[in-house]
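Structure first, then comments.
The values are calculated or read from the model by the stated rules, or taken from the named source; none is laboratory data. Just so it is clear, the model here is predicted, and its values are computed rather than measured. Note that each Cβ is placed from the backbone with ideal geometry, even for glycine, and that neighbours are counted across all protein chains shown. Heavy atoms of the whole protein, side chains included, go into the accessibility calculation; ligands, DNA and RNA do not. Shrake-Rupley method; radii C 1.70, N 1.55, O 1.52, S 1.80 Å.
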Amino acid sequence: MTPYLKMQNITKVYPANNLKANDTVNLEVFKGEIHALVGENGAGKTTLMNILYGLEQPDSGAIYLNGTEVRIGSPMVAHQHGIGMVHQHFKLIQEFTVAENVVLGMEPLRGKLFFDRRQAEQTVAEVIEENNFHLSPAARISELSVGQMQQVEIVKMLYRRADLLILDEPTSVLTEQEIQRLFKTLRYLAGQGKTIILITHKLGEVKSISDRITVMRKGEVAAVRETAEVDEYELSRLMVGKRIMLDFDKEVGFCSEPILSLQQVTAARKHQDRPLLDNISFSASTCEIVGITGVAGNGLSELEDVISGLMPVSSGTILYNDIDVTHMSAMELRKTGFSYVPTDRLKRGSSLASSIRENMIITNHHDYLTRGGLLDGKRIESHVEELIAGYQIDGRAGMPIGTLSGGNIQKVILARELEKVRDLVLFAEPTWGLDVAGSEFIYQKILDVRKRGAAVILISSNLDEILAIADTVIVLYRGRIVMKRPVRDDAVLSRERIGEYMLGLKDDFSAAIPAGAGGFLERAAEEGGEGYSR
Amino acid sequence: MRDTSSSKFAAAAGLGITLGAAFLIMLLMILIMSETPGKTIYFFFAGPWANTYYLGNMLNAAVPLMLTGLGISFAFRASMFNLGGEGQVYIGGLAAASLALALPGLPGILGIPLALAAAVGAGAVIAGLSGLFKYKWRTDELISTFLISNALIYIVDNIITGVLQDPESNLLVTRKIAVQYWFTRIMRPSNLDISIFFVILLAVIAYFYLYKTHQGYEMRMCGLDPEFARYGGVNVRTYFLLPLLISGGLHGLAGAVSFMGTQHMLFKGFSGGMGWNGIAVALIARNNPLAVIPAALFFAYIEAGAKSAMINADVTIEIAAVVQAVVFYLITAQALYSWIDRKHRRRSA
């Protein structure tokens, strides 16, 4: 049987950071199949699908549809070939109605000039009805729930007569009920002969919905399996793989004084049923590195924003040295001496068009005033020169920071944040995108900070990093803490075991799901419903 | 890796090319439109230097442009858009004139500062209103400055041609302000007055404020990357308000300065595009307060050249507007290009 879609030896290199996002990847998908494409962040799933949808061009390799080679230069060409994609972040116009959004770009016209609204609403209503959606074509997008918006995106693709639907992380923003409804829809569409590719890293869902699975790891295909023949433990091992452990001298200091503690912190966004952070409690003490990990979309970035005062808390308390800082703004927190190395180095951590000098003095610029109230150029200069030398930054004080390499930008941020550490530092994804040498430099700095007695919170989706330097590991899944253990607890803390928590297979804190092996069965059954018995 | 000095050089070279291209286009137009192109070109370039009268008037025309250019630079540096310059100039002039007309007996040493303060205050309040809206409700200042200013122009028109109108004149003008409010002329017979020195001093102070004070630093950081500023502990919302207050104040001042040395009275439409030209001046100067001085002079030079060519040869004054428009287009394109370039670099970095 010829596969409906065949992607052969696809290779894609991003020259900016010399990253092989896809390395001779092969993918075969059959007609009427729900095919899961799974892998960790950065495994290359989205790149591969962007190539299929014409958003990016491969450096080499070929794409075949029904056995004939096709070149997909743009999403428009993809539509012509019947390929549609639903992105993780919806691309809908809030002020337009469902029908207007669906037909946008392919509007029915009256007299070749005027938009035929009635025709549009009628056609869209037909598509909705044919596929068992529950949507009103005349409703405004801004009135819809997240799940309904996703339905609009799917309808949009069906209106364009897509036979192959790509869904990128479709469940990440949905509630359990919405997920169930989506799965029902997907099964129905597959029954109608549509072919579906599902990008995901949630294994319970993969088991319950897909027919076949392609596992990607570091830009390559790690395995292709029939869903029925594989269990979630094997999948998680295939996804995570075995890696070299980083080895650092972990001399644990004298830890006792809690510096920062979160008590039942919840953060919710309007119009979204599931809170972004759900009842988070933990504390970080002197000489302790608390590592917080999880798969992207499970609350890591929200926790970063909440701790740094950039996102409001809905309920709960945050204490910093026994002072209530729950509702403090970033500005007030900064005044208390809080140091923070953010995930987003280019927008939040630095001002790219400004010089290294200007980037190094923010937050502390009040300390460099002359008696007349002007900025003291001489003192700033000597201070900046000192930091440039101390952190071996390859650049001069007057250079715009945007002209530096990623590693050097991160060093500038570290230099600024670490020179004034009082007792607490928040590191978020500190080594993301850096090479080994750059990463080790940063690990050394983090360990130095702890040695000096400060509490460190390390938010990172890089598990190797957490295991290498953290003293305590916390795993977030869907905004909740599902695991909290000291790293010394060798019995539990292998990479694979933590991976099971990260993927939602295990949960130490939920009464409904017993901890330990086998917990995933109940959970999968609960999540997957009828699909699991399929 | 790019150095600051080399990128500065590139910027200067780019500006040179832009201005060169503008002059070339102007030459081309003169060649097409004029029967006596040699004479026209001569008077266009040499006219403003011909005697102290032309030279002084050219310099005098540059003074309010320096102020509006500075005002726009301040707003743009903080990434705030002030499209209400025209109205702020207008209201500033009105405030100064009203004060001078209401207190004709005040000695100059008291009256002039008071009139100028009234002008600064009026401009600042009007622009500050947009800043306040943004501070409170995140209203887009691009729209609000423009709308407020446009509405204001009609109100000021009404006052100039109504309560303040000179009953002895058939023109749409106010009465003259008392003599002690007049700025001292320094290059007779031209209209140039001493305010030019104060305005240049103000540009230097503005430069100092932006680059040497911590407030200027915070303002620039908010403009370049608000998220970075917020993360760094800067009260970002303050800088919704402050830059517009300063910008409006400078525009208001331009309104006062433009008439207190020259006509000594207001006439309907006296702001005559000063607000809009301030945007062009700021763009040429790349929002650098010191560069605003030559940029304003350049703008005034083109206008004076066109005037001289119109009087002495056979082209119309519109040629100045066309050249200014060409410069404006080229500069905007260049600014747009460097902005795209920066965005691109940010993404690939």
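Within segment B:257-280, track down each residue that is in a helix (DSSP H, G or I) and farther than 12 Å from residue B:68 by Cβ.
Within segment B:257-280, B:259, B:260 qualify.
If a residue must be part of a loop (DSSP other than H, G, I, E, B) and at the interface with chain B (Cβ under 8 Å from one of its Cβ atoms), how many such residues does segment A:330-343 contain?
The number of residues fulfilling the criteria is 1.
Assigned by TED's automatic domain parsing to the domain that holds residue A:217, among the basic types (Lys, Arg) and modelled with pLDDT under 90: is that true of residue A:31 in this structure?
no
For the subset of segment A:289-313 comprising residues that are open to solvent by 40 Å² or more (accessible area, probe 1.4 Å) and either of a type in the set (Lys, Arg) or more than 14 Å from chain B (Cβ to nearest Cβ) (or both), which member is nearest to the chain's Cα centre (by Cα)?
Ranking the candidates gives A:296 first.
Considering segment B:1-45 alone, what residues qualify as being within 14 Å of chain A (Cβ to nearest Cβ) and either modelled with pLDDT of 85 or more or not in a helix (DSSP H, G or I) (or both)?
Those that are within 14 Å of chain A (Cβ to nearest Cβ) and either modelled with pLDDT of 85 or more or not in a helix (DSSP H, G or I) (or both): B:1, B:2, B:3.
Name the pairs whose Cβ atoms lie under 7 Å apart, with the first residue in segment B:79-92 and in contact (Cβ under 8 Å) with a residue 12 or more places away in the chain, the second acidic (Asp, Glu), and 6 or more positions between them or separate chains?
B:80/B:141; B:81/B:141
Answer yes or no as to whether residue A:316 is outside any helix (DSSP H, G or I), modelled with pLDDT of 90 or more and at the interface with chain B (Cβ under 8 Å from one of its Cβ atoms).
No, not satisfied.
State whether one or more residues within segment B:45-53 are in contact (Cβ under 8 Å) with a residue 24 or more places away in the chain and among the aromatic types (Phe, Trp, Tyr).
Yes, the conditions are met somewhere in segment B:45-53.
Scan segment A:181-230 for residues that are open to solvent by less than 10 Å² (accessible area, probe 1.4 Å), among the aliphatic types (A, V, I, L, M), touching a residue at least 60 places away in the same chain (Cβ under 8 Å) and not in a strand (DSSP E or B) and report the count.
Total meeting the criteria: 4.
Which numbered condition in (1) of a type outside the set (Lys, Arg); (2) open to solvent by less than 20 Å² (accessible area, probe 1.4 Å); (3) in a helix (DSSP H, G or I) is the only one that residue B:82 fails?
(3)
Does segment A:62-93 hold any residues that are surrounded by fewer than 17 Cβ atoms within 10 Å (Cβ to Cβ) and within 21 Å of residue A:217 (Cα to Cα), and which are they?
Passing the criteria: A:62, A:88.
Name every residue in segment A:387-418 that is open to solvent by less than 20 Å² (accessible area, probe 1.4 Å), more than 9 Å from every other protein chain (Cβ to nearest Cβ) and in a loop (DSSP other than H, G, I, E, B), in order of residue number.
Passing the criteria: A:393, A:397.
Those residues that are more than 10 Å from chain B (Cβ to nearest Cβ) and open to solvent by 40 Å² or more (accessible area, probe 1.4 Å), I need them from segment A:369-386; list them, please.
Of everything in segment A:369-386, those that are more than 10 Å from chain B (Cβ to nearest Cβ) and open to solvent by 40 Å² or more (accessible area, probe 1.4 Å) turn out to be A:371, A:378, A:379, A:381, A:382, A:385, A:386.
State all residues of segment A:347-368 that are open to solvent by less than 50 Å² (accessible area, probe 1.4 Å), modelled with pLDDT under 85 and within 7 Å of another protein chain (Cβ to nearest Cβ); if no residue qualifies, say none.
Within segment A:347-368, A:363, A:365 qualify.
Evaluate the following for residue B:235: is it under 26 Å from residue A:310 (Cα atoms), surrounded by fewer than 18 Cβ atoms within 10 Å (Cβ to Cβ) and more than 23 Å from the chain's Cα centre (by Cα)?
Yes.
Checking the conditions here, which among A:482, A:421 is at pLDDT 90 or above and either surrounded by 18 or more Cβ atoms within 10 Å (Cβ to Cβ) or more than 18 Å from residue A:346 (Cα to Cα) (or both)?
A:482
Could you identify the single residue in B:250, B:242, B:283, B:290 that is more than 25 Å from residue B:332 (Cβ to Cβ) and part of a helix (DSSP H, G or I)?
B:242
Please go through segment B:209-233 and give me each residue that is facing another protein chain (nearest Cβ under 7 Å) and within 19 Å of residue A:348 (Cβ to Cβ), ordered by number.
Once the filter is applied, which keeps residues that are facing another protein chain (nearest Cβ under 7 Å) and within 19 Å of residue A:348 (Cβ to Cβ), segment B:209-233 yields B:217, B:221, B:224, B:225, B:227, B:228, B:230, B:231, B:232, B:233.
Looking at B:70, B:110, B:106, which is the one that is outside any helix (DSSP H, G or I) and of a type in the set (A, V, I, L, M)?
It is B:106.
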